[in-house]
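As structure tokens, the structure follows; a few thoughts come after it.
The values are calculated or read from the model by the stated rules, or taken from the named source; none is laboratory data. The shown structure was predicted, so the numbers you read here are calculated from the model rather than taken from an experiment. Every residue, glycine as well, gets a Cβ built from its backbone with ideal geometry; the counts of neighbours run over all protein chains shown. Keep in mind that these areas ignore ligands, DNA and RNA; they rest on the heavy atoms of the full protein, side chains included. Shrake-Rupley method; radii C 1.70, N 1.55, O 1.52, S 1.80 Å.
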Amino acid sequence: MAFPVTRMRRLRRTAGVRDLVRETRVSPADLIQPFFVRHGTGEEEIASLVERAAEAHAAGVPAVIVFGLPARKDEAASEAFDDEGIVQMGVRALRAHVPDLVVMTDVCLCQYTSHGHCGIIQDGEVANDVSLEVLADTAVSHARAGADIVAPSDMMDGRVGAIRSALDAEGYETTSILAYSAKFASAFYGPFRDAAHSAPSHGDRRSYQMDPANGREAVREALLDIEEGADMVMVKPALPYLDILRSLRDQTRVPLAAYQVSGEYAMIAAAAAQGLLDERAAVLEALTAIRRAGADMVITYHAARAAQWLS
């Protein structure tokens, strides 16, 4: 019935009532903290990774995703699948020292190739099928090190099936795959590319990452990844693509992740540093929006601090 019988403000009157009827909640258990580890700094870098991961876990963050910065890069991305690579060493250390932590790894080649592309270059182009074998070898090496979940972010066609087949063939049937299914060719990756030194030396990634204008294509990508064996799927970035999150939530039944990327993090941090907004309030509002759109879990650089705020 209409006003005055119906008064929507009744359910907003006190903090207790608002909390009681809240539709979407964010908890530390929903968050995943990314970490970068750099080769060449030896035990000190690994010790720092373990310390930071343990602190995040103690704050309530259940999982981390590890990215590597190799000692050297080449056209074959050799360090990506090296058992003594920095990600592999980091995963082994996390397994040994923070055993209850869920350890994910990013499976891509851009940080490891001398040209900065996410696959192997042949005849001046990223060669899809040739890249699949390297990506599969990388995923297997991560599983061998102890990763619970491997997360291919390269956007090569067929990479989920190739990785699933390789994992199963090597006895890692229980290793899960979180596919970056809808990874868009976004302007919001800038700070990450600077930190990881992974910007392409020529061209761009629009021939394999998704066109930001396409929504239906994102659903096709996710459904294909699920058919190939993905246990979970992801949308990246998060806030500019809330409609994609909602579409995937409505049309899939697997766990759904969103990656709040470095550019999203940097905008909030920069605005807060200038006193233009309340950082805590903005972060929690953004995370709530991502969860409300349908994400079951959020990869975010805010994870450890947000977990402390939420506890």
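Data table
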{"quantity": "Kirkwood Rh (inverse of mean 1/r, distinct Cα pairs), region 70-127, angstrom", "calculated": "12.5"}
{"quantity": "Solvent-accessible area per residue, Å², over the chain with all protein chains present [probe radius 1.4 Å]", "calculated": "46"}
{"quantity": "Gained length - Arg22 relative to Ala273, 0.36 nm times residue gap less alpha-carbon distance", "calculated": "87.4 nm"}
{"quantity": "Tail weight of P(r) past 17 Å, computed on alpha-carbon pairs of region 1-87, percent", "calculated": "66"}
{"quantity": "Derived scalar couplings ³J(HN,Hα) [region 91-96; Karplus, 6.51 cos²θ - 1.76 cosθ + 1.60; whole Hz; x for Gly, Pro]", "calculated": "5, 4, 5, 5, 4, 6"}
{"quantity": "Under the Karplus curve 6.51 cos²θ - 1.76 cosθ + 1.60, θ = phi - 60°, whole-Hz ³J(HN,Hα) for region 173-186, x wherever Gly or Pro sits", "calculated": "5, 8, 6, 8, 10, 9, 8, 6, 6, 10, 9, 8, 6, 9"}
{"quantity": "Amide proton proximity set for Ser181, modelled H, under 5 Å, gap of 5+", "calculated": "Met234"}
{"quantity": "Degrees separating the helix 279-293 axis from the principal Cα axis of the chain, which is the longest one", "calculated": "80"}
{"quantity": "Cα-based radius of gyration of region 90-241 once divided by 2.2 N^0.38 Å, which approximates compact folds", "calculated": "1.02"}
{"quantity": "Tilt relative to the chain, helix 216-228 - C-alpha long axis, 0 to 90 degrees, to 10", "calculated": "60"}
{"quantity": "Fraction of accessible area attributable to carbon and sulfur, the chain (%, probe 1.4 Å)", "calculated": "51"}
{"quantity": "Residue (of Ile86, Val102, Val50) at the positive-pole extreme of region 1-111, dipole from beta-carbon charges", "calculated": "Val102"}
{"quantity": "Range of Cα positions in region 39-166 per principal axis (Å), largest first", "calculated": "48, 30, 21"}
{"quantity": "q = 0.07 Å⁻¹, the chain: log10 I(q)/I(0) [Debye, one scatterer per Cα]", "calculated": "-0.28"}
